[in-house]
Amino acid sequence: MEISPNKNKRTYISNDIIIALQDSTIESLNIYNQAFLELETPLINTSLVRGKTSYEIPVTFNLGGDLKGVILCFIDTYNKSIKPNDIHFFQSLFTESMNLLLGQILTNLDKNFDISSFISSPYIPNDMVILKLLSKDFQSQKMSMSYKLISNASEYNCRIILNIQRSNITMRFK
Amino acid sequence: MDADKRFQILLVDDSDFTRTHISQMLDSTPYQVVAEARNATEATNILQDRSVHLAIVDVVMPEVSGIELANYISENFPETAVIMISSLGQESIVIDSISAGASDFIQKPFSKESLITAVNKVFTTFKEA
């Protein structure tokens, strides 16, 4: 953990690790030809994160290994019509898309920067957990990025918030 | 191949989407998905009731990991081959998978061709045995 020049603000991971994470993100991902993810907003440090709206569906992954924390993902269904019979498939598609995306990022992180981290199986957090994770009082380094999920000619905004609580490593490059 | 004795596969993945998609990929191949499981407990219950030639197992699953399941299958159902799949492609995961007795490892998302190539290899080994 470093103390930044602003003594009121703690950082939990070094700038090198932040850069490594940014360099490990991907521009796009084909989800078995059923959907596509396209990067909208690259990964950046975030201090304030807006709360979950009632139109957002959440999914969460625990992060372990060299980096520890929690990753929150939301898909925005505002103004989208999803038939009741399709909701389960849609949620499963979103969850697996985030799983595949995060898997690729962490694989890149390991391959290019020798930072080995893993995600848990996904789970749906309750509102209290979400509030806590998004709160500025929750002690973590927050980074966020956004993607568009394109499926069946519809586009959905997805935002991903990384809450990194600590790292066990000093930077080493392959 | 005798239709009653097609190469029989068990899918083990907590993602409904992934299980559905793998089943669709294997449609109209000589390989038959005969059962699906969402977790290791369901998988072991299925294997206790029926034998399968191959289990395709996700590495990351709730409670009991795919690696632990692969170990269990190797020890208790040695006639069942295992292919591990995962969104994570770290070398350590591949090594752990093979050490647990898996015949192959495929990183998700994979193409139909990659999947069938991996299953073909296992099937060929099975035929030669």
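Only the coordinates and a few stated rules stand behind these numbers; no lab work does. Just so you know, these numbers come straight off a predicted model, no measurement behind them. Virtual Cβ from ideal backbone geometry, glycine too; neighbours counted across all protein chains shown.
Picking from A:Ile130, A:Ile119, which residue would you name as being more than 14 Å from chain B (Cβ to nearest Cβ), buried (at least 17 other Cβ atoms within 10 Å of the Cβ) and hydrophobic (A, V, I, L, M, F, W, C)?
Going through A:Ile130, A:Ile119 in turn, the sole match is A:Ile130.
Please count how many residues of the range A:12-29 are without any contact (Cβ under 8 Å) to a residue 12 or more places away in the chain and under 15 Å from the mean Cα position of the chain (by Cα).
Matching residues across the range A:12-29 total 1.
Being assigned to a strand (DSSP E or B) and within 28 Å of B:Ile85 (Cβ to Cβ) narrows it down to one residue among A:Phe94, A:Phe89, A:Phe61; which is it?
A:Phe61
Are any residues in the range B:61-86 buried (at least 21 other Cβ atoms within 10 Å of the Cβ) and touching an Asp or Glu at 6+ places or on another chain (Cβ under 8 Å), and if so, which ones?
B:Met61, B:Gly66, B:Ile67, B:Ile83, B:Met84, B:Ile85, B:Ser86
Criterion first (surrounded by 21 or more Cβ atoms within 10 Å (Cβ to Cβ), within 14 Å of chain A (Cβ to nearest Cβ) and either free of Cβ contacts under 8 Å to residues at least 12 places away in the same chain or in contact with a strand residue (DSSP E or B) (Cβ under 8 Å, 6 or more places away or on another chain) (or both)) does B:Gly89 satisfy it?
Considered against the rule, which asks whether it is surrounded by 21 or more Cβ atoms within 10 Å (Cβ to Cβ), within 14 Å of chain A (Cβ to nearest Cβ) and either free of Cβ contacts under 8 Å to residues at least 12 places away in the same chain or in contact with a strand residue (DSSP E or B) (Cβ under 8 Å, 6 or more places away or on another chain) (or both), B:Gly89 comes out as no.
Based on this model, can you work out whether B:Ser103 counts as facing chain A (nearest Cβ under 9 Å) and within 13 Å of the chain's Cα centre (by Cα)?
Answer is no for this residue.
Filter the range A:42-54 down to the residues that are surrounded by 13 or more Cβ atoms within 10 Å (Cβ to Cβ) and more than 14 Å from A:Ile18 (Cβ to Cβ) and list them by number.
A:Val49, A:Lys52
Select from the range B:9-41 the residues that are without any contact (Cβ under 8 Å) to a residue 24 or more places away in the chain, farther than 18 Å from A:Phe90 by Cβ and within 13 Å of another protein chain (Cβ to nearest Cβ) and list them in ascending order.
B:Ser23
Across the range A:66-84, what is the total count of residues that are surrounded by 19 or more Cβ atoms within 10 Å (Cβ to Cβ) and in a strand (DSSP E or B)?
Summing the residues that are surrounded by 19 or more Cβ atoms within 10 Å (Cβ to Cβ) and in a strand (DSSP E or B) in the range A:66-84 gives 8.
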